[in-house]
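Chemist: Could you have a look at this structure, given as structure tokens, before my questions?
The values are calculated or read from the model by the stated rules, or taken from the named source; none is laboratory data. What you see is a predicted model; the values in this text were computed from it and never measured. Cβ: placed from backbone, ideal geometry, glycine included. Neighbour counts: every protein chain shown. SASA here: full protein model, heavy atoms, side chains in, ligands and nucleic acids out. Shrake-Rupley method; radii C 1.70, N 1.55, O 1.52, S 1.80 Å.
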Amino acid sequence: MSQTLSFYQDGTTWIHRLNPVTKLAFVAAVTIAAFGVDNLWWPALLFLLLEVPAAVLAGVAKRFVKLVLGFFAPFLVILFLLQGLTYPEPGTVLVELGPLAVKTEGLVFAGTTALRLLVMVSAFIVLLLTTHPGTLMSAMQQAGLPPKIAYVISATMQIIPSFQARAGAIMQAQQARGLDLGSGGALTRARRLVPLMGPLLLGALTDVENRSIAMESRAFGSPQRPTAFTIVPDSAAQRAARWAMILLAVLAIALHTLGVL
Amino acid sequence: MSNMPTTRRYPPWMLITAGSAVIIATYLYLVVWQPESLVGGAGVGPAALIALVGYLIGSGLIIAGAMARMPTSTVTLLPIAIAINIVAGQINNMVGLPLYLDSIGTVLVGLLAGPAAGAATGALSNVIWGISISPASLPYSTTQVVIGLLAGLFARWGWTRRVPTAVAAGVATGVVAAFVSGPISAFIFGGANASAGRSAIVAVFQTLGLDTLGASIAQGLTVDPLDKSIAFLVAVIILRALPSRFSQRFPFARENSVFAPRSASVLARARTVDVLDDRDRAPVPASIAATAPTAAGTDGAAPGTTGTTAAKDEEGGRS
């Protein structure tokens, strides 16, 4: 189990130094563009012309490929098996295998969906690889994210690793007492979750009270906006770029609807 | 509570209402005016984009509205509930069950702090999961919004006081969750699912003649009711196992007596009046609640929301 949640890879390229909100706008723009235009090769174009170069420029190409493949390969196989063999709408049948049939439309449908998801997921991975989670939170808070939401997100990111460590310790403790994790049917496996989850959840919930008392005594939730300790640099150019990216995505959809693209 | 912002641009219910309206409109567009784009053509047309954008905007508005006036005690509960969602989901995958188990924390907050807090927990849970481990769970935040909302409502209606009704509430929530997540699976993910087993269920329903949307909903109906009833059961068991001091700290759980039926003893009645008088000042002492004599109250007795009904129940029990 990984000790940290973030994919962040340290670097000093200009992509690393961009304001995280700009990168977030990039994720939104390419996702909107990929899903909005109804063309098989358009998402592939976005992926090859925008996201792959971004990963290469940021110097994270190796991990980018690894993460995208690791996340995407199993999904891709499932999607093509599902829609390739059992596409429900009428279409041109290529091969007939009893109740299953390979249809051109099914393959096209699976391809489009896969490429769109590829664009969305890779855009996210570029963002996560080049942005420290703390910086992302600070930048979003400066862009107007309410402090309570920012707290919940960053606290969760910190709690999960310690939670996983706690779960690992509980699992080892129960195994030391003779709990067998490897075998059995569904019901035995389900019953086995009880000695794992019980101590984990009860322990975590008893921490809540102390935490909230400590936070209230430090004026958490006061309506006054706190000043920031780390100020994420931003520029007028980046602000303009964000709007431009979103507008371009909408423009792509508009051009497609008018039949140009 | 002590920390309400004094000035706000919008009343919070407005954001929650707007968010719900956006989600409902998106759903109606996707299901009732089922776009014919799934049939023929290159792909799924505008439906996928509308599903993605509509659901995410709706969830975002609900998060903002619900978080705006949340007391600190609830805010500190959220990260733990979300971590429970995510870690339980991972343990589930490790042990290899064909379920999700990723909504226990959402149900827990729904029971303790009410529908709005539950909805915010659910939405944030999948947003955080999406931006940290698996971007694919991001679009499903709307399903979790509905789960948290229903958990809070069932708690308010008193379904979580006894185990059988809590399981029934889980089954009902699962059915609704299946209908909500169907369009997400169908239009955004093309019916496929990260789990091979669940995708096989979709494939079976497609061979039986359902379209992708119908097959996705049918797949949800086979898994979600079981999964959500487990979530409700686990949440209720956990919250009963904790010292009742814990759940009594949450005004919602206290006022609706979400867990054990409060016995209509003299002590409980006196305390009921007490709680109503200064509901935000002092939590109910747990030791008294746990040891209160239960001779008079019957299990089905309605919780004393006022002193007079509690007194009536007591008389009925004695005669």
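Chemist: Being more than 14 Å from every other protein chain (Cβ to nearest Cβ) and either open to solvent by 40 Å² or more (accessible area, probe 1.4 Å) or in contact with an Asp or Glu (Cβ under 7 Å, 6 or more places away or on another chain) (or both) is the filter here; which residues of region B:173-204 pass it?
Modeler: B:Gly174, B:Val175, B:Val176, B:Ala177, B:Ala178, B:Phe179
Chemist: Go through (1) within 11 Å of another protein chain (Cβ to nearest Cβ); (2) farther than 30 Å from B:Phe205 by Cβ; (3) open to solvent by less than 30 Å² (accessible area, probe 1.4 Å) one by one and return the number of the condition A:Tyr87 breaks.
Modeler: So A:Tyr87 meets the others, but not (2).
Chemist: Is it the case that region A:240-249 has a residue that's surrounded by 11 or more Cβ atoms within 10 Å (Cβ to Cβ), within 14 Å of chain B (Cβ to nearest Cβ) and at pLDDT 85 or above?
Modeler: Within region A:240-249, one or more residues are surrounded by 11 or more Cβ atoms within 10 Å (Cβ to Cβ), within 14 Å of chain B (Cβ to nearest Cβ) and at pLDDT 85 or above.
Chemist: Any idea how many residues of region B:104-143 are in a helix (DSSP H, G or I) and open to solvent by less than 10 Å² (accessible area, probe 1.4 Å)? Can you show your working first?
Modeler: Going through region B:104-143, the residues in a helix (DSSP H, G or I) turn out to be B:104-113, B:115-132, B:135-143.
Okay, now just the ones that are also open to solvent by less than 10 Å² (accessible area, probe 1.4 Å), so B:104-112, B:117-126, B:128, B:130, B:132, B:135, B:139, B:141-142.
Qualifying residue count for the region: 26.
Chemist: Would you say B:Gly170 is farther than 22 Å from A:Thr31 by Cβ and modelled with pLDDT of 90 or more?
Modeler: Spelling it out, B:Gly170 is indeed farther than 22 Å from A:Thr31 by Cβ and modelled with pLDDT of 90 or more.
Chemist: Do you know which residues across region B:144-159 are over 19 Å from B:Tyr100 (Cα atoms) and either open to solvent by 30 Å² or more (accessible area, probe 1.4 Å) or more than 12 Å from the chain's Cα centre (by Cα) (or both)? Explain how you work it out, then say what you get.
Modeler: First, the residues of region B:144-159 that are over 19 Å from B:Tyr100 (Cα atoms): B:152-159.
Correct list: B:Leu153, B:Arg156, B:Trp157, B:Gly158, B:Trp159.
Chemist: OK, next. For region A:120-139, does any single residue satisfy the condition of being of a type in the set (Gly, Ala, Ser) and at pLDDT below 85?
Modeler: Going through region A:120-139, the residues of a type in the set (Gly, Ala, Ser) turn out to be A:122-123, A:134, A:138-139.
When the remaining residues are screened for being at pLDDT below 85, the result is A:134.
So far as region A:120-139 goes, yes, one or more of its residues are of a type in the set (Gly, Ala, Ser) and at pLDDT below 85.
Chemist: Out of curiosity, is A:Leu200 among the aliphatic types (A, V, I, L, M) and in a helix (DSSP H, G or I)?
Modeler: Values: among the aliphatic types (A, V, I, L, M): yes; in a helix (DSSP H, G or I): yes.
So A:Leu200 passes the test.
Chemist: Just to be sure, is A:Leu187 open to solvent by 70 Å² or more (accessible area, probe 1.4 Å), of a type in the set (A, V, I, L, M, F, W, C) and within 26 Å of B:Ser103 (Cα to Cα)? So that I can check it myself, show each step before the final result.
Modeler: On the way: open to solvent by 70 Å² or more (accessible area, probe 1.4 Å): yes; of a type in the set (A, V, I, L, M, F, W, C): yes; within 26 Å of B:Ser103 (Cα to Cα): yes.
Yes: the conditions hold for A:Leu187.
Chemist: Quick test for you: out of B:Thr222, B:Thr165, B:Thr207, pick the one residue that is surrounded by fewer than 24 Cβ atoms within 10 Å (Cβ to Cβ), of a type in the set (Ser, Thr, Tyr) and over 27 Å from A:Leu82 (Cβ atoms).
Modeler: Values: B:Thr222 fails: over 27 Å from A:Leu82 (Cβ atoms); B:Thr207 fails: over 27 Å from A:Leu82 (Cβ atoms).
One residue alone meets the criteria, B:Thr165.
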